[in-house]
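The values are calculated or read from the model by the stated rules, or taken from the named source; none is laboratory data. This structure is a prediction, so every number in the text was calculated from the model and none was measured. Note that we place each Cβ from the backbone using ideal geometry, even for glycine, and neighbour counts take in every protein chain shown.
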């Protein structure tokens, strides 16, 4: 098997023009992760700038209401910029600086990764260009302005379905035309090697903290860890520390959109097939001829036709389960968490909350469940109002 | 020497590209016939993919048009059978991305290539390191898996070019396919490096669209590859592009031959 494989998945399926660049990236990353000056700087940024460690919050009211396992929420929504994305971008932006790059580019769907990348670029003095589908720019106009406030240039992607997948295509094309001074900050555990491994490493701080925190609080491991999965970076981030703990069920929640039977979904594991796209072998939503399928979710962050190769492997070997959660259940969970715990989470994270609502009551009171709240929901309030048919005047 | 490599024996070669099924299979067949008649030494046929990440806007749009017209791998095999029946004898090469082939099954796809008369295969998202999974079936069915070399290949050139079959596809410029005013890469150096490790002919593509460029490139390389400029004629003239393609290819082939 070639470099960067998780079972049969992963690899490096990219144009020759980018090969030396990703090989250089792999080497630079290998040196940085062993360099105390680099890891020390990153740890300080995570603590002093991003606000880590994030809380592991015991949702007592929700637990009482559900009447089963204790529910803990890993509060990545409280990080600076409001999501787990900051963990990865600080690592990659530091690495870009270390490699002598003066410019970063990134794709974004909902804007969380774009905002995080623009933030890191501002902090570390890098030029920044964000690729965003025209469709998503219309849906998330406020985030576009936010990125511009941070000094980034937002490039509208008007090809294909004009969403996240196309933003990745366009960022890769842009990278292929300018590698000498530019690093591509991929936002999830996807793409060619070393991205799935490197992004997982940067995100695995979530699970390291959560494992320590739950052991301190409960004196035992949780029965399950639940996270939403688009590309899957917050999920891998929280799963990774628990992988050796065979008693801990790992559950990824993918977007079932309007329902699996409607075809309007982004449920890659449930409905996809093995393929090769965006630099990796993994599961993809595609048609019988291998054309990548248009996908749909109310959540722009889960609106992606693939899944990271390590998830594909965890699915194949049965170490993690992937369950579909549709728009309606996600929106209901979004509302439930707001009313029950006073927390407005990202609609992405609400897919994981929705699964916890059925999982927790099926477990005993002595057990616990951790749900990764990957982001905050301010960005989604308008879309949820629209979904419920409420007119909001801004 | 493969049929594909032999196509470089008649002076400097001209390699033209069309996306199969753009705007229809019938039109593509006619365009391929016209290219061969106008002196193209090899014709590349794009098997459309929804997300062609190495392509610029012109060929991206052609992919979408071809998919909207219902193009599938099996229909392209019918297209190849059709143009062979119509007397096209020049080598034909498929250009696609890994996923449609993976989905079809590498072995089944390459078997159909051999059966219908496809001589070579270009997969821009399959770099040297990942080629083994396709090379086995390609060699078994006698289809040349064409190697790409880029301006950034540097230390990789020797290793990558040494395994070349058919011809070496030298990418002239950074970025994606599309017409360029100037080509800034040190092509002489790159081609020299390639020739130091292989006798396989070297052709240059990406950005070439004028006769002057064709002559200049053909002075350095064994052939010139033109895609976007031909596809742009199809974009403009639609199903009526045949005569325009014929004139253009004739001019470009002559320009390549002028290099001596």
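Only residues that are under 22 Å from residue B:63 (Cβ atoms) and buried (at least 16 other Cβ atoms within 10 Å of the Cβ): list them for segment A:137-163, please. Passing the criteria: A:155, A:156, A:157, A:159, A:160, A:161, A:162, A:163. Checked against (1) out of contact with any helix residue (DSSP H, G or I) (no Cβ under 7 Å at 6 or more places or on another chain); (2) in contact (Cβ under 8 Å) with a residue 40 or more places away in the chain; (3) farther than 21 Å from residue B:92 by Cβ, residue B:149 meets all criteria but (1). On inspection, residue A:160 does not qualify as within 12 Å of chain B (Cβ to nearest Cβ), on the phi > 0 side of the Ramachandran plot and at pLDDT 95 or above. Among the residues of segment A:16-40, the one identified as in contact with a helix residue (DSSP H, G or I) (Cβ under 6 Å, 6 or more places away or on another chain), within 13 Å of chain B (Cβ to nearest Cβ) and under 30 Å from residue A:315 (Cβ atoms) is A:18.
Whether a residue is within 21 Å of the chain's Cα centre (by Cα) and more than 18 Å from residue A:229 (Cα to Cα) was assessed, and residue A:269 does not pass this test. The number of residues in segment A:261-296 that are in a helix (DSSP H, G or I) and either buried (at least 24 other Cβ atoms within 10 Å of the Cβ) or at the interface with another protein chain (Cβ under 10 Å from one of its Cβ atoms) (or both) comes to 1.
Would you check which residues across segment A:182-199 are away from every other protein chain (no Cβ under 12 Å) and either at pLDDT below 95 or surrounded by fewer than 24 Cβ atoms within 10 Å (Cβ to Cβ) (or both) and list them? Passing the criteria: A:194, A:197. If you check B:187, B:220 for being in contact with a helix residue (DSSP H, G or I) (Cβ under 7 Å, 6 or more places away or on another chain), modelled with pLDDT under 95, away from chain A (no Cβ under 14 Å) and surrounded by fewer than 24 Cβ atoms within 10 Å (Cβ to Cβ), only one passes: B:187.
Picking from residues in segment A:379-394 that are loosely packed, with under 13 Cβ neighbours inside 10 Å and at negative phi, the one that is modelled with the lowest pLDDT is A:394. Within the option set A:121, A:110, A:167, A:116, being assigned to a loop (DSSP other than H, G, I, E, B), in contact with a helix residue (DSSP H, G or I) (Cβ under 9 Å, 6 or more places away or on another chain) and either within 22 Å of residue A:266 (Cα to Cα) or away from chain B (no Cβ under 14 Å) (or both) holds for one residue only, A:110. Of the listed requirements (1) modelled with pLDDT under 95; (2) surrounded by fewer than 21 Cβ atoms within 10 Å (Cβ to Cβ); (3) within 20 Å of the chain's Cα centre (by Cα), residue A:299 misses just one: (2). Which condition breaks for residue B:51 when tested against (1) part of a helix (DSSP H, G or I); (2) within 11 Å of chain A (Cβ to nearest Cβ)? Failing condition for residue B:51: (1). Where helices (runs of 4 or more DSSP H) fall entirely within segment A:300-394, those with at least 1 residues that are in contact with a helix residue (DSSP H, G or I) (Cβ under 6 Å, 6 or more places away or on another chain) and within 20 Å of residue A:56 (Cβ to Cβ) are at A:327-341, A:347-359.
The listed residues are B:178, B:142, and the only one of them that is in a loop (DSSP other than H, G, I, E, B), surrounded by fewer than 17 Cβ atoms within 10 Å (Cβ to Cβ), more than 9 Å from every other protein chain (Cβ to nearest Cβ) and within 19 Å of the chain's Cα centre (by Cα) turns out to be B:142. Being in a helix (DSSP H, G or I) and without any contact (Cβ under 8 Å) to a residue 60 or more places away in the chain is the filter; apply it to segment A:200-232 and report the residue that is surrounded by the most Cβ atoms within 10 Å (Cβ to Cβ). Step by step, filter segment A:200-232, then rank; the result is A:207. Taking the criterion of being within 7 Å of chain B (Cβ to nearest Cβ) and modelled with pLDDT of 95 or more, the residues of segment A:1-15 that qualify are A:11, A:12, A:13, A:14, A:15. For the structure I just gave you, tell me whether residue B:66 is more than 25 Å from residue B:160 (Cα to Cα), more than 10 Å from chain A (Cβ to nearest Cβ), buried (at least 24 other Cβ atoms within 10 Å of the Cβ) and in contact (Cβ under 8 Å) with a residue 24 or more places away in the chain. When the stated conditions are applied, residue B:66 passes them.
Scan segment B:229-243 and give yes if some residue there is touching a strand residue (DSSP E or B) at 6+ places or on another chain (Cβ under 6 Å), closer than 27 Å to residue B:53 by Cβ and not in a loop (DSSP other than H, G, I, E, B), otherwise no. Yes. Looking at (1) within 10 Å of chain A (Cβ to nearest Cβ); (2) surrounded by 24 or more Cβ atoms within 10 Å (Cβ to Cβ), which one does residue B:40 not meet, given that it meets all the others? All conditions are met except number (1).
Look at segment A:237-253: where a residue is free of Cβ contacts under 8 Å to residues at least 24 places away in the same chain, no partner that is assigned to a helix (DSSP H, G or I) sits 6+ places away or on another chain with Cβ atoms under 6 Å. Taken together, the criteria place residue B:205 among residues that are in contact (Cβ under 8 Å) with a residue 60 or more places away in the chain and within 19 Å of the chain's Cα centre (by Cα).
Screening residue A:276 with (1) in contact (Cβ under 8 Å) with a residue 60 or more places away in the chain; (2) out of contact with any strand residue (DSSP E or B) (no Cβ under 7 Å at 6 or more places or on another chain); (3) more than 27 Å from residue A:244 (Cα to Cα) gives one miss only, at (2). Residue by residue through segment B:149-175, note down the ones that are under 19 Å from residue A:174 (Cα atoms) and at the interface with chain A (Cβ under 10 Å from one of its Cβ atoms). Result: B:149, B:150, B:151, B:152, B:153, B:171, B:173, B:174, B:175. Of the conditions (1) under 16 Å from the mean Cα position of the chain (by Cα); (2) surrounded by fewer than 17 Cβ atoms within 10 Å (Cβ to Cβ), residue B:214 clears all except one; give me its number. With respect to (1) under 16 Å from the mean Cα position of the chain (by Cα); (2) surrounded by fewer than 17 Cβ atoms within 10 Å (Cβ to Cβ), residue B:214 is out only on (2).
Just checking, does segment B:78-100 include any residue being closer than 22 Å to residue B:224 by Cα, touching a helix residue (DSSP H, G or I) at 6+ places or on another chain (Cβ under 9 Å) and within 14 Å of chain A (Cβ to nearest Cβ)? Yes: segment B:78-100 contains one or more residues that are closer than 22 Å to residue B:224 by Cα, touching a helix residue (DSSP H, G or I) at 6+ places or on another chain (Cβ under 9 Å) and within 14 Å of chain A (Cβ to nearest Cβ).
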